Amino acid sequence: MGGFTFLSVPRIVVETGGLDRLGTLMAGLGAKRVAIVCDRGIVEGGLAARARSALTAAGLTARVLDGVQADPPVATVRATLAAARDFAADGVVGLGGGSSLDTAKLVALLLRSGQAVEELYGQDKAQGPRLPLIQVPTTAGTGSEVTWASVVTSERNEKQAIYAPQLLPDIALLDAGLTLGMPPRVTAATGLDAMVHAVEAYTSRTRKNPVSDALAVKALALLGGNLRRVVADGTDLPAREAMLEGAMLAGMAFVNASVAAVHALSYPLGARFHVPHGHSNALVMGPVFRFNLPAAAEAYAELAPCLLPGRRFASAQEAAEAFVAALEELAGSVGLETRMSQLGVTEADLPGMAEEVVGGLQRLLANNPRDMVREDVVAMYRAVL
């Protein structure tokens, strides 16, 4: 076995109804003035008020900062940071989907380090410790609550990833009750996002490791076995719990093994057309996984039982092809658009999108099981246009 490093969050609390313990948990970290980083939807859904009540019940002072936007633009991160600084926050809670959690990580870090967001682009650029941080996901998708990564949209409208161990929270608090209100489309998109995390972690060419592999297998079984259930019935609490656990495990897997070409092809869809991240992953995963088959058949065959339990195959190739077909069928059965043209993408957009992938996202393509060039990317986009 080759050497590897695996980083993870020091404490995970999985408890339906656990949001009520938020104040006690944060007080245990020594914070007294807590910024709750979220978006307007979290406020309108009443979850921000619940979080604030839990904090104040423990004797803490809390302020809700609800300016987060999807695919967080750098400007909104700066604005949230300024608001937290004006409040003199000494602790941060991220509450919401991946965009809120990613923003909360950066706020907790930058309040201490004094760096600019742009100085963090890339890996290990962060200086010093961050403020106490608790992450509370309300979607089952990104796994951001257990990752040391944050993705923002630059002022050039490009996705920029930030990797730093300081971005890992002190506590990830998973309360499946908070996901019960997710609409079917959000449930579907975030669930498929988590499944892509698991698959790409398992097939990573650069940082594949046995811990991530084990987490990815368990994650994929949980997610694949419950996604249709939660899309059909959002009140199915056991299925919601399984999805939230699966997304967390997939997050732990991918941040230590890397994601690859599905994410690379999805980023221009998010930045240029504002397609939600999970949906953009779902759109392009079929063509990418089919492209990868010559190089990844053995790995895909190993994952096939996660989605097709009990099914027998004559060969690894047959199992791999059935696995990819099962993912495509699942993505097409949960109510999401399956063609990019339905979301405003045209043939004329494809060359520029492909150039962005091969010119600016080699860090992701390097992890992919099979090399690809610009013409390959255009062909994959065209397959789902």
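Values quoted throughout were computed directly from the atomic coordinates according to the rules given, and no laboratory measurement underlies them. No experiment lies behind these values; they were computed from the predicted model shown. Cβ atoms come from the backbone with ideal geometry, glycine included; neighbour counts cover every protein chain shown.
Where Lys and Arg each count +1 and Asp and Glu each count -1, what net charge lies around residue 142 among other residues with Cβ under 10 Å from its Cβ?
-3
Between residue 123 and residue 14, what is the FRET efficiency for a Förster distance of 30 Å, r being their Cβ-Cβ separation, to the nearest 0.05?
0.55
About the Cα centre of the chain, how large is the charge dipole given +1 on each Lys and Arg Cβ and -1 on each Asp and Glu Cβ? Please answer in debye to the nearest 20.
Charge dipole of the chain: 720 debye, to the nearest 20.
What relative contact order, as a whole-number percentage, does the chain give when Cα pairs under 8 Å and 6 or more residues apart are counted?
15
At a Förster radius of 41 Å, what calculated FRET efficiency corresponds to the Cβ-Cβ distance of residue 211 and residue 290, to the nearest 0.05?
Using R0 = 41 Å, I get an efficiency of 0.90.
What lysines does residue 159 reach when the alpha-carbon gap must be under 25 Å and sequence neighbours fewer than 8 apart in one chain are set aside?
Answer for residue 159, where 25 Å is the Cα cut-off: 105, 125, 208, listed by chain and number.
Suppose only helical runs count, i.e. DSSP H with n ≥ 4. What mean residue ellipticity at 222 nm does that imply for the chain under -39500 (n - 2.57) per run, divided by all residues and rounded to the nearest 500 deg cm²/dmol?
Rounded to the nearest 500, it is -17000 deg cm²/dmol.
When only DSSP loop residues count, what trypsin sites (Lys or Arg not before Pro) in the stretch 93-178 have their Cβ near at most 16 other Cβ atoms within 10 Å?
Listed in order of number, the matching sites are 125, 156.
Ranked highest first by average number of other Cβ atoms within 10 Å, how do 325-336, 113-124 line up?
Taking the mean over residues of other Cβ atoms within 10 Å, the ranking is 325-336, 113-124.
Which percentage, to the nearest 5, of the DSSP beta bridges contained in the chain is antiparallel?
Here the antiparallel bridges make up roughly 20 percent for the chain.
Take the alpha carbon atoms of the stretch 74-121, find their center, do the same for the stretch 325-343, and report the distance between the two centers in whole angstrom.
With the stretch 74-121 and the stretch 325-343 each reduced to a Cα centre, they are spaced 34 Å.
Write down the percent of antiparallel bridges among all DSSP beta bridges whose residues are both part of the stretch 12-179, to the nearest 5.
That works out to approximately 20 percent antiparallel.
What percent does the relative contact order of the stretch 184-383 come to when contacts are Cα pairs within less than 8 Å and at least six residues apart?
28
For every other residue with a beta carbon closer than 10 angstrom to the beta carbon of residue 378, add +1 if it is Lys or Arg and -1 if Asp or Glu, then tell me the sum.
Surrounding charge for residue 378 is -2.
What residue among 194, 49, 104 shows peak mean-square fluctuation when the chain is described by a Gaussian network model with Cα springs under 10 Å?
Per the Cα network of the chain with a 10 Å cutoff, 49 tops the list.
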